[in-house]
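Engineer: Got a structure for you, written out below as structure tokens; questions coming shortly.
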Amino acid sequence: MSLTAILSEIDGGDDNGVEKLLQKYNIENSHTFAFDHKEEDARIKLCQGLLTVLRRSDHPLCQSTCLETLRILSRDKRVLGPVATKEGFLTLARLARIHVAGHDGELLEEAQSAEEERVVVEALKCLCNVVFNSVSAQQVGADVKLAEGLCARLHSVSSSHHQVGLFSLRLLFLLSALRTDVRGMLQKEAGAARLLTDILERTLDVCWVGPYEAAPPKPEALPISLENNELAMEALKALFNITMSDSSDEDNDHQLRLIAGIMRHLLMLKTHTEDKTEEAHSHTINLLSNLPVQCLDVLIDVPVQGGMETYGGKNMDVVQILLDFMEKRIDKVLPPLKDVKERPEIGCTVRNKLVRLMTHIDMAVKQGAAEFLFVLCKESVDNLLKYTGYGNAAGLLMARGLLAGGRGETQYSSDEDSDTEEYKSAKPFINPITGHIEHPMPNPMDEMTEEQKEYEAQKLVNMIDELSRKELIRPMGVRKDGTLAPLGEAIHGCSPPSSSDSE
């Protein structure tokens, strides 16, 4: 379909003709849209022309067709200039029936027909694409307070308008994920946490039987419907963003405990498929990781029913679900060690992947992987070195002051001899630095004469001396407490002299 023909029809003001041409264009490009550089200017003009038609047309079919074309075009970041403006946003917000700052006209009432609802849904989809693909659009969305308008819209969306609610939540998720200022506004001013909690309560049919205790699902209860599961997932993702840096106070603690109670209820539910259930549990666990520890007691402080086991008088139902989820994802990170022929970072097991991450360039990734493995080793330096090798673990041990060995301050159960026979037999031959058995290498000094050995040794001494005098290297040792110190201090165990001592 020629873009020139469509642009000519738009300029001519024949909206019926525009609609027919766009329908053909949408069919041709809905699944195989190609970003041809030669047509970039024409697509920019088409975006502008579509906005013009949307402002002058009041025909739902024409509007939805134009919006569908605009949604296809919005996959290309380079042509979003006309849409990522205040004027473009106001046009889309009006068609999505969202009240935003700077909107002078009256918003239409709730969609009464399938054609009108399709316009609303297509406008929301366009806004999602534009916000996701354009930083300028994200700024405009913040300026016109689009997130606040979405919250007001979500208060009034009925369950009969599923897609309207779904894409409103998705747009709220994008805005809160991409703009920290929007996220802060939603936390403090818009009451978004309460709103999303209410949506989850309605969607999941939560019935409270205690302050933070939801009634357990009945054995004969049907799985969560596909539509309700979609809404719940979008609400969970948006709520995750909003609770990322939530401040803790009495009111917030109450709200966060409500969320924890709903998360417990959700973990006990099933969806129509195992994959969807795992997805729901994944989003639930992500959200639980944002909640402060003092709010998580509601997960286990509930009556035990049906003969389920307890631990210390606490209900372990949800804890078991969390453990099952983790085991499914990591499939035993540190099984008994048998194969020590390869370096710990080589291989495709979860342990191998985590050891590789211990030397990652990103400090947060590096530290997180090391801390996780250290905890799994009960914070025992010997166990950590067994699984990772000294070279991979040195960074963590130095940061923890454990270069001299030992274990962390946290109390764990007593160690038991879990070494396999294969590991015990291979242990004397394992290089502690690399963590694996190395094949013996030829000694380069075997073929040297005594004079050559003396020459190379003296040459090495001179190089070290020169680097030391230029302070390019500083010999270091390990104190008794496991921390690094200049070699003299480490040997004598003393601290550097104070200014008063040197006077």
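The values are calculated or read from the model by the stated rules, or taken from the named source; none is laboratory data. Not measured: the values here are computed from a predicted model. So basically every Cβ, Gly included, is an ideal-geometry build from the backbone, and we count neighbours across all protein chains shown. We work out accessible area using only protein heavy atoms, side chains counted, and drop any ligands, DNA or RNA first. Shrake-Rupley method; radii C 1.70, N 1.55, O 1.52, S 1.80 Å.
Engineer: Quickly run through the range 252-274 and pick out the residues that are at pLDDT below 90 and charged (D, E, K, R).
Structural biologist: Asp253, Lys270, Glu274 - these are the residues of the range 252-274 that are at pLDDT below 90 and charged (D, E, K, R).
Engineer: Pull up the range 8-43, narrow it to residues that are more than 22 Å from Val119 (Cα to Cα) and at pLDDT 80 or above, then point me to the one that is farthest from the chain's Cα centre (by Cα).
Structural biologist: Per the stated criteria, the residue is Gly12.
Engineer: Only one of these conditions is not met by Ala84: (1) part of a loop (DSSP other than H, G, I, E, B); (2) within 21 Å of Val135 (Cβ to Cβ); (3) at pLDDT below 90. Which number is it?
Structural biologist: It is condition (3) that Ala84 fails.
Engineer: Could I ask something else about it? Which residues, taken from the range 260-293, are in a helix (DSSP H, G or I), β-branched (Val, Ile, Thr) and farther than 20 Å from Trp208 by Cβ?
Structural biologist: Matches in the range 260-293: Thr277, Ile285, Val293.
Engineer: Here is a follow-up. Among the numbered criteria (1) free of Cβ contacts under 8 Å to residues at least 24 places away in the same chain; (2) open to solvent by less than 10 Å² (accessible area, probe 1.4 Å), which one does His37 miss?
Structural biologist: All conditions are met except number (2).
Engineer: Continuing with the same structure: Restricting the search to the range 464-489, which residues are among the basic types (Lys, Arg) and open to solvent by less than 70 Å² (accessible area, probe 1.4 Å)?
Structural biologist: Once the filter is applied, which keeps residues that are among the basic types (Lys, Arg) and open to solvent by less than 70 Å² (accessible area, probe 1.4 Å), the range 464-489 yields only Arg479.
Engineer: Give the residue that is surrounded by the most Cβ atoms within 10 Å (Cβ to Cβ), with candidates limited to residues of the range 341-361 that are out of contact with any helix residue (DSSP H, G or I) (no Cβ under 9 Å at 6 or more places or on another chain) and modelled with pLDDT of 85 or more. Reasoning before the result, please.
Structural biologist: Of all residues in the range 341-361, those out of contact with any helix residue (DSSP H, G or I) (no Cβ under 9 Å at 6 or more places or on another chain) come to 348-349, 352, 361.
If we keep only those that are modelled with pLDDT of 85 or more as well, we get 352, 361.
Details: Asn352: 15, Ile361: 6.
Here the answer is Asn352.
Engineer: Taking the condition of being modelled with pLDDT of 90 or more and part of a helix (DSSP H, G or I), how many residues in the range 227-251 meet it?
Structural biologist: Residues meeting the conditions: 16.
Engineer: Answer yes or no: is there a residue in the range 408-427 that is small (Gly, Ala, Ser), at pLDDT below 80 and open to solvent by less than 50 Å² (accessible area, probe 1.4 Å).
Structural biologist: Scanning the range 408-427 turns up at least one residue that is small (Gly, Ala, Ser), at pLDDT below 80 and open to solvent by less than 50 Å² (accessible area, probe 1.4 Å).
Engineer: Does Val365 count as farther than 21 Å from Lys328 by Cα and surrounded by fewer than 19 Cβ atoms within 10 Å (Cβ to Cβ)? Break it down stepwise before answering.
Structural biologist: Numbers: farther than 21 Å from Lys328 by Cα: yes; surrounded by fewer than 19 Cβ atoms within 10 Å (Cβ to Cβ): yes.
The answer is yes for Val365.
Engineer: If we scan the range 324-340, do we find a residue that is surrounded by fewer than 17 Cβ atoms within 10 Å (Cβ to Cβ), modelled with pLDDT of 85 or more and within 16 Å of Asn431 (Cα to Cα)?
Structural biologist: Within the range 324-340, not a single residue is surrounded by fewer than 17 Cβ atoms within 10 Å (Cβ to Cβ), modelled with pLDDT of 85 or more and within 16 Å of Asn431 (Cα to Cα).
Engineer: Please indicate, with yes or no, whether at least one residue in the range 72-82 is more than 27 Å from Ser113 (Cα to Cα), of a type in the set (Val, Ile, Thr) and buried (at least 16 other Cβ atoms within 10 Å of the Cβ).
Structural biologist: yes
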